[in-house]
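The values are calculated or read from the model by the stated rules, or taken from the named source; none is laboratory data. Model, not experiment: these values are computed from the prediction. FYI the Cβ positions are ideal-geometry reconstructions off the backbone, even for glycines, and counts take in every protein chain you see.
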Amino acid sequence: MKAYINLLPQVERGPRAIPAWGWWVALGIVLLLVGGLFGKQAWALWKLDQERRILEARKTALLGEVQALSRKLGLSQARAREWEEAAARARIVRELMSRRVPWAAVLVELARLVPEGVWLTRMETQEARVLKVEGGATAYSGVNGFVASLERSPRFHEVRVLSIKQVKEAGTQRKAVAFSMTCRIRSVQGTGGTP
């Protein structure tokens with residue numbers, strides 16, 4: 001048996017080479033890692049594809065049941081279209097009803113809110129759901145009370161006084177307060193047939 005001893009420094013003898021089997025091991029590890037990542041993705045895709053197929057089968061079965069029930073009930077395509085059109089018309093009517101102003105309820109509420117010593121001389125709508133009110137009062141406190149009542153009411157909001165001034169009543173020497181204001185009308189559930 002022969003033994004060799006290398007007494008040369010490492011610089012002169014060159015770098016130590018990786019054995020051939022080491023390269024194969026390293027390559028195997030890299031392939032396992034890459035294969036594992038792709039394998040995991042492939043497994044997930046396979047599972048999703050299986051779920052998609054199951055859902056498609058269920059959808060097909062449900063469509064078959066719907067068609068069978070439609071035949072049982074005697075629903076033709078024309079009748080189904082008629083029902084859809086009627087439902088669309090009903091939606092439009094509900095939408096229009098929700099936008100309408102229930103004037104009877106508005107006037108009853110307005111009359112309830114007018115305090116003693118205040119009278120209304122004119123009312124008009126300026127735009128959808130905006131009411132302009134003109135009137136008079138025996139004192140400024142009456143106008144203030146009317147504005148406060150409107151603001152507390154669930155039917156009115158955004159109350160704005162446009163003008164307020166002291167005037168003489170026609171034919172007398174008594175002084176009165178003339179006012180003009182606007183307010184928005186809210187939709188209130190369950191009162192006066194409102195939506």
Criterion first (of a type in the set (Asp, Glu), farther than 30 Å from ALA148 by Cα and part of a helix (DSSP H, G or I)) does GLU109 satisfy it? no
Residue that is surrounded by the most Cβ atoms within 10 Å (Cβ to Cβ) [pool: residues in the range 156-183 that are modelled with pLDDT of 90 or more and among the basic types (Lys, Arg)]: ARG160
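Results for (1) of a type outside the set (A, V, I, L, M); (2) touching a helix residue (DSSP H, G or I) at 6+ places or on another chain (Cβ under 9 Å); (3) in contact (Cβ under 8 Å) with a residue 60 or more places away in the chain, shown as yes or no for each residue.
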site: SER98; (1), (2), (3): yes, no, yes
site: TRP103; (1), (2), (3): yes, no, no
site: VAL106; (1), (2), (3): no, no, yes
site: VAL118; (1), (2), (3): no, yes, no
site: THR121; (1), (2), (3): yes, no, no
site: ALA148; (1), (2), (3): no, no, no
site: LYS165; (1), (2), (3): yes, no, no
site: ILE185; (1), (2), (3): no, yes, yes
